[in-house]
1. Accessible area per residue, 1.4 Å probe, Å², for the chain: what's the number?
2. Can you show me the helix-derived [θ] at 222 nm for the chain, built from DSSP H runs with n ≥ 4 at -39,500 (n - 2.57) apiece and divided by the number of residues, rounded to the nearest 500.
3. Farthest toward the dipole's positive end in the chain, which of TYR321, LEU457, CYS84, given Cβ charges of +1 (Lys, Arg) and -1 (Asp, Glu) about the Cα centre?
4. Do me a favour and compute the ellipsoid semi-axes for the range 315-417 from its Cα gyration tensor, root of five times each eigenvalue, largest one first, whole Å.
5. Tell me the net charge near ASN154. Cut-off is 13 Å between Cβ atoms, ASN154 excluded, with +1 for each Lys or Arg and -1 for each Asp or Glu.
6. Taking the Cα centre of the chain as origin and charging only Cβ (+1 Lys, Arg; -1 Asp, Glu), how large is the dipole, in debye to the nearest 20?
7. When the chain is fully extended, how far beyond the present Cα-Cα distance does SER335 get from TYR51, taking 0.36 nm per residue of separation?
8. What are the trypsin sites (Lys or Arg not before Pro) within the range 419-487 that DSSP puts in a loop, where the Cβ has at most 14 other Cβ atoms within 10 Å?
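The values are calculated or read from the model by the stated rules, or taken from the named source; none is laboratory data. No experiment lies behind these values; they were computed from the predicted model shown. All Cβ positions, even for glycine, are placed from backbone atoms using ideal geometry, and neighbour counts span all protein chains on display. To get the accessible areas, we keep the full protein, side chains included, count just its heavy atoms, and leave off ligands, DNA and RNA. Shrake-Rupley method; radii C 1.70, N 1.55, O 1.52, S 1.80 Å.
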Amino acid sequence: MLEGLEISIFNYNDILQDNDEFRIDSGYYKKEYIDLYSRIKGSPMLVDLTYMSDLSTNGSFATVKKIMNDRHAKTIPFIRSGNCGDTFINTDDLELISEKSHSQLPKSTTQLHDIMMARKGKIGGASIITADEVGFNCSENVIKITIKNSDHLNPYYFTSYFNSKYGLKQIERLSTGNVQPWVSIFQIRKLMIPTVRMAFQNSIEEIVTKAHKLKIESKSRYQQAEQLLLQEVGLADFTPNQEPVNIKSFQESFGTSGRLDAEYYQVKYEDLLKFIEQNCKWDYLKNLTTHVSNGNQPPYSDNGTIRFFSQKWIGDKAIDYSFLKSEDEPKVEESFFEEPKNKPSLIGTGDILYYSVGANLGYCHNYLEDEKISVGSFINIIRADKDKINEIYLGVVLNSMIGRLQGDKEKSGIAQPYIYAKNIREFKIPILPADTQKKIAERIWNGFSLKKQSENLLEVAKQAVEKAIEESEEVAMEFIKDKTKGL
């Protein structure tokens, strides 16, 4: 009758050990947690190794709220929980606060090699502050951790450890809440990290530092691709006109477009489209593609084999491919795509995914992995006609100023802006010579390759930390030597 069930039996005194919250829910005593804790039992706790702070440590709730709600220009990057969790801060969608607010919030200001850990929402994992993120600020949902003595605890080892299963599972075990999981500062202080030799910790630093350089180079390749595009089109120095008034007759406005909202007729849109028409070889998107439509929301299945891709994985300058490694993401059965109407929602390499609703409307990238995925209704799928245009080049055009401005022009709705596939089909696309399109595409592929190398190195660092705990530091060092050979 109990076959297949996982059962852990504890005495009352066992439950009281390291359990100040007196957790008695069965999830807290999963076998994987018990086994994991047995390996790190007796390790130092963060309360003895680090200082911790967040936005709330700057003063009372009312004081901090008053500081944050000023009306000065917003210029200082502000780290939220969604920006943390990977080894490096995700800087693609940082919010901003004013310089004046920032100067009044010193305790949550980032310093070199601080570690950021989310404690609400997207919890788990840790992100190290590199030279590029010094002087940022962080929200009350992010804990800023400063190591007391970096001569004994390397921040890169610390970060890799908390991105390994030993760090992730500790946070997972301590978290409470289902819809919006969270952990308290008190719980984070009790997290444990094993002591290892500095030689091993420094080896982890070398790996993570190399991964960071590759990540920066990867971003540079994308910027180069976009710069080459704008230079060749002639828009490198184009500055959108901010003139708020544009007078149109009825025939020039509603009579032609059916739109009465003033935003649709802003001068900057008109200037861009006129430039393309007068200075470029161009065509409508609909004439350069074989398919443009939003995906069909599929039913999820425990027996599914096709991963589902939601709009949260599309960033400003890249797709976050970490969902391909997660077993927690929903999946879809292949039979769903046997229906002709659903078949286009099965995405392959080179397809363009266009975020078509909400604040991030217009974020758009080619899907570059080999594994086929499924997308839902908030994403428009764009497939290039490869005989007419390079699919990667088209993706860069759509995610550049050229595509973004046209997306802004065509969006509808106020509370939840959206754009229809029929409007995307009418975008005007500059068509550069085939060899130039190829050069732009090569930069994207090169950047993608560098990004994968960076991610692979970070995975090596995490696995090496796990091997040091489970086997020995010597085994872990041999693993590092083998996996980083030639890099």
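1. Each residue of the chain exposes 51 Å² on average to a 1.4 Å probe.
2. Value at 222 nm, helices only: -11500 deg cm²/dmol.
3. Highest projection toward the positive end goes to CYS84.
4. Rounded to whole Å, the semi-axes are 23, 17, 14.
5. -1
6. 820 debye
7. Value of the extension gain: 97.0 nm.
8. LYS485
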